[in-house]
1. Subtracting the Cα-Cα distance from 0.36 nm times the residue separation, let me have the gained length for residue 136 to residue 156 in nm, one decimal.
2. How many nm separate the modelled label positions at residue 149 and residue 195, each set 7 Å beyond the Cα in the direction of the Cβ?
3. Could you give me the ³J(HN,Hα) list for region 85-94, computed from phi with Karplus coefficients 6.51, -1.76, 1.60 and θ = phi - 60°, whole Hz, x at Gly and Pro?
Amino acid sequence: MPRVAHALEIRGLTLPPAVVRRAPDALAALARDPLTRLRIALAAVLLAALGSFAHLAEDYLTRDPLVRWDVSFAGWLHVHSSPTLVSVFEVVTYGGNAFTLALVTVLAGAVLLRRGALNEAALVAGAALGIELLNAVVKLLFHRPRPELAFVHLDTYSFPSGHAAGSTALYATIAFLVARRARPAAGWTAALVALLVVVVVGFSRLYLGVHYLSDVLAGVALGSAWAAACILFYDLRRDGDLSARLPRSVVSLLGRLGARASPPTPRSD
């Protein structure tokens, strides 16, 4: 306690002694607050994901060993590929394409709107739309060519993987909302399902030869950072009501759209 008082004295602060004495207990109580721990965890994920993406981007720009190993690994996968698995992964990879992600976004938004959760629907839409725009801009900044050995030939740039970024951002956000409202077991299940989908979709991009490993890892990092940023912003503004900022006609229209997009609830007659 003398150290705290001394530090306050050095900075010229004149807080009452009672406040100084209670400061450690207040900080300890704040650290035990679930909401505070969630925000700290989200901030940590955001910083770690941004750091990982920056490291991968630096490796690509400076041609570090990881990027040189990309080519070797892509060649090894191509040589050891199986026509059957190629056909399987051509289907699996649709789990992360723009159409599928848009469909999932619409369905999730419709369910949330039908439940009156406009803020959560906006979170899902922001996570999905934002990562697509962000990924498109980043691709233009790096303009990395696609791998030469590929079973599916695309004309767009390779770094980072849009499938990996989009699926990570969207499915992580949905898993967060499920975990926030459901029991812990359901939350863990949603998180594991989201993780499995991201891993399988990411590997499908490698197996089809449309991305290098660093592309997929960078996509996951970018998607994780964007999801963490969106969820953190949503959580910091959790007391705000988006419906209060929109015209009543717009809120009513969104509610009707959600009801139409969701299947009717079966009656228990």
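1. On the way: separation 20, 0.36 × 20 = 7.20 nm, distance 0.97 nm.
Extending this stretch completely gives an extra 6.2 nm.
2. 3.1
3. Computed from phi, the couplings for region 85-94 are 5, 4, 5, 5, 6, 5, 8, 4, 5, 5 Hz.
Every read-out reported here was derived from the displayed coordinates using simple, explicitly stated rules and does not represent laboratory data. If you're wondering where the values come from, they're calculated on a predicted model, not measured in any experiment. Cβ: placed from backbone, ideal geometry, glycine included. Neighbour counts: every protein chain shown.
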